[in-house]
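Please read the structure below before turning to the comments.
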């Protein structure tokens with residue numbers, strides 16, 4: 001299955017001043033597969049992959065000091081190999097299991113800059129809370145669940161995928177209905193690679209749901225690793241109740257009725273570090289750069305398929321009627337857009353809300369595109385009021401353009417571009 005991040009890895013490989021690369025992401029988003037596939041494709045299969053969770057006997061090699069030449073020498077002895085800078089890709093997987101190896105990364109850049117070194121792991125944000133991050137000595141790459149574009153390619157819908165690479169204005173309006181089946185399937189299957197591959201192989205949505213339940217169970221089992229920092233029951237409450245408030249401004253007391261707000265906040269922060277939940281913060285739109293305003297934020301799930309599974313929504317009838325995106329009062333459509341924006345734009349995504357007393361105006365998302373502030377509204381159906389968007393455009397003349405993602409007809413009215421929701425996150429949606 002093609003993952004677009006392989007292009008980022010290739011750019012990293014050919015850099016003149018390359019640094020060790022940290023590939024971060026939640027569990028099971030495909031980090032190990034991507035890096036090994038990259039090595040097979042662009043290092044002629046010469047990948048030295050070391051799983052530090054499975055090979056705990058190698059931890060001692062990283063312990064005595066930060067002498068990277070000694071470390072490579074001892075790895076060669078232990079693995080009966082010959083790691084060569086400029087020829088091999090050295091891949092340290094599950095590096096969170098060996099904090100000493102994390103601490104060595106900066107010295108690989110300083111003392112062995114020609115070595116192609118990639119590390120990956122889960123809960124790395126959590127691990128780096130306990131030791132200094134090697135600022136300026138490493139590069140980072142974030143991997144997310146498969147995007148809708150990647151889902152189309154995996155399904156063999158290359159022609160549809162290619163349409164998303166071009167401006168939506170160039171696509172005949174009649175082609176939109178060709179996206180409907182895959183869009184609704186993506187809302188159910190989501191972008192977790194194991195789920196996508198299983199569905200492609202079997203066409204069995206019940207089996208997909210079982211895999212999703214297994215993934216959710218494994219994430220919940222990870223909660224034990226956070227103790228005694230936070231109560232596991234609090235994290236379970238948050239993950240359960242977050243499904244009810246996707247796209248809504250977070251009020252901690254709604255996420256659990258068994259714990260105090262400070263405890264719930266701590267739990268939310270941990271789930272953000274684990275990348276199971278993604279925050280979208282309120283932002284001011286008066287000028288650039290966009291910066292968070294106050295402490296207000298919304299939460300979105302790691303993956304739309306996991307969200308649907310966790311919610312226990314009986315989606316069959318909605319799928320048949322092609323009304324699935326409107327579920328939860330449109331929250332699935334908003335989750336879809338958030339997921340695509342986060343995965344593909346490589347920048348922070350925000351939202352906007354009036355903070356004055358009694359105000360009710362809110363814009364779903366705000367991004368920065370080509371030096372301009374671009375507000376984005378999401379409509380799950382084919383119609384809907386845009387009072388907040390019209391208010392924003394009337395009161396902030398610095399905003400020259402706005403986007404409405406929906407299933408409605410495409411086109412432009414004044415400053416508002418009406419874009420098919422399938423183009424969310426794509427470079428060509430403007």
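The values are calculated or read from the model by the stated rules, or taken from the named source; none is laboratory data. Note that the coordinates shown come from a computational prediction; the quantities given were computed from them, not determined experimentally. So basically every Cβ, Gly included, is an ideal-geometry build from the backbone, and we count neighbours across all protein chains shown.
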Check your understanding: Out of 226, 252, which single residue is surrounded by 15 or more Cβ atoms within 10 Å (Cβ to Cβ), over 30 Å from residue 393 (Cβ atoms), at pLDDT 90 or above and not assigned by TED's automatic domain parsing to the domain that holds residue 122?
Key -> 252
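With the requirement that a residue be part of a loop (DSSP other than H, G, I, E, B), out of contact with any helix residue (DSSP H, G or I) (no Cβ under 8 Å at 6 or more places or on another chain) and within 30 Å of residue 194 (Cβ to Cβ), what does segment 281-303 give you?
Once the filter is applied, which keeps residues that are part of a loop (DSSP other than H, G, I, E, B), out of contact with any helix residue (DSSP H, G or I) (no Cβ under 8 Å at 6 or more places or on another chain) and within 30 Å of residue 194 (Cβ to Cβ), segment 281-303 yields only 302.
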Review point. Within the group 114, 142, which residue is exposed (fewer than 15 other Cβ atoms within 10 Å of the Cβ) and touching a residue at least 12 places away in the same chain (Cβ under 8 Å)?
Key: 114
Practice item. Return the pairs, sorted by first residue and then second, in which the second residue is at pLDDT 90 or above and part of a helix (DSSP H, G or I), the first residue lies in segment 388-401 and is at negative phi and surrounded by 17 or more Cβ atoms within 10 Å (Cβ to Cβ), the beta carbons are less than 8 Å apart, and the residues are 6+ apart or on different chains. Key: 399/392; 399/393
Review point. Quick one: in segment 98-110, which of the residues that are surrounded by fewer than 20 Cβ atoms within 10 Å (Cβ to Cβ) and at pLDDT 90 or above is nearest to residue 124 (Cα to Cα)?
Key: 107
**Study point:** residue 90 being outside any loop (DSSP other than H, G, I, E, B), at pLDDT 95 or above, in the same structural domain as residue 10 (by TED's automatic domain parsing) and surrounded by fewer than 16 Cβ atoms within 10 Å (Cβ to Cβ)
**Key:** no
Practice item. Would you mention how many residues in segment 407-430 are assigned to a strand (DSSP E or B), closer than 24 Å to residue 322 by Cβ and at pLDDT below 90? Key: 1
Revision key, fill the gap. Expected single match for within 23 Å of the chain's Cα centre (by Cα), surrounded by fewer than 15 Cβ atoms within 10 Å (Cβ to Cβ) and assigned to a helix (DSSP H, G or I) among 211, 200 is 200
Check your understanding: Is there a residue in segment 202-218 that is assigned by TED's automatic domain parsing to the domain that holds residue 336 and closer than 18 Å to residue 342 by Cβ?
Key -> no
**Study point:** Qualifying positions in segment 1-11 - surrounded by fewer than 17 Cβ atoms within 10 Å (Cβ to Cβ) and not in a loop (DSSP other than H, G, I, E, B)
**Key:** 6, 7, 10, 11
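Considering only segment 136-153, state which residues are assigned to a strand (DSSP E or B) and out of contact with any helix residue (DSSP H, G or I) (no Cβ under 7 Å at 6 or more places or on another chain).
140, 142 - these are the residues of segment 136-153 that are assigned to a strand (DSSP E or B) and out of contact with any helix residue (DSSP H, G or I) (no Cβ under 7 Å at 6 or more places or on another chain).
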**Study point:** segment 118-138, subset in contact with a strand residue (DSSP E or B) (Cβ under 6 Å, 6 or more places away or on another chain) and under 29 Å from residue 196 (Cα atoms), residue surrounded by the most Cβ atoms within 10 Å (Cβ to Cβ)
**Key:** 119
Practice item. Determine which single condition residue 103 fails, assuming it passes every other condition in (1) outside the structural domain of residue 67 (by TED's automatic domain parsing); (2) more than 24 Å from residue 316 (Cα to Cα). Key: (1)
Check your understanding: Applying the selection to segment 163-197, what residues are more than 20 Å from residue 324 (Cα to Cα), at pLDDT below 95 and part of a helix (DSSP H, G or I)?
Key -> 163, 164, 168, 169, 170, 173, 174
Practice item. Check 19, 15, 54 and return the single one that is in a loop (DSSP other than H, G, I, E, B), in contact with a strand residue (DSSP E or B) (Cβ under 6 Å, 6 or more places away or on another chain) and either touching a residue at least 60 places away in the same chain (Cβ under 8 Å) or in the same structural domain as residue 109 (by TED's automatic domain parsing) (or both). Key: 19
Review point. Hey, among the residues in segment 247-280 that are in a loop (DSSP other than H, G, I, E, B) and touching a helix residue (DSSP H, G or I) at 6+ places or on another chain (Cβ under 7 Å), which one's nearest to residue 230 (Cα to Cα)?
Key: 259
Check your understanding: Mind checking which residues of segment 111-123 are at pLDDT 80 or above and touching a helix residue (DSSP H, G or I) at 6+ places or on another chain (Cβ under 8 Å)?
Key -> 111, 112, 115, 116, 117, 118, 119, 120, 121, 122
Point to revise | Set 164, 152: member being buried (at least 22 other Cβ atoms within 10 Å of the Cβ) and without any contact (Cβ under 8 Å) to a residue 60 or more places away in the chain | key: 152
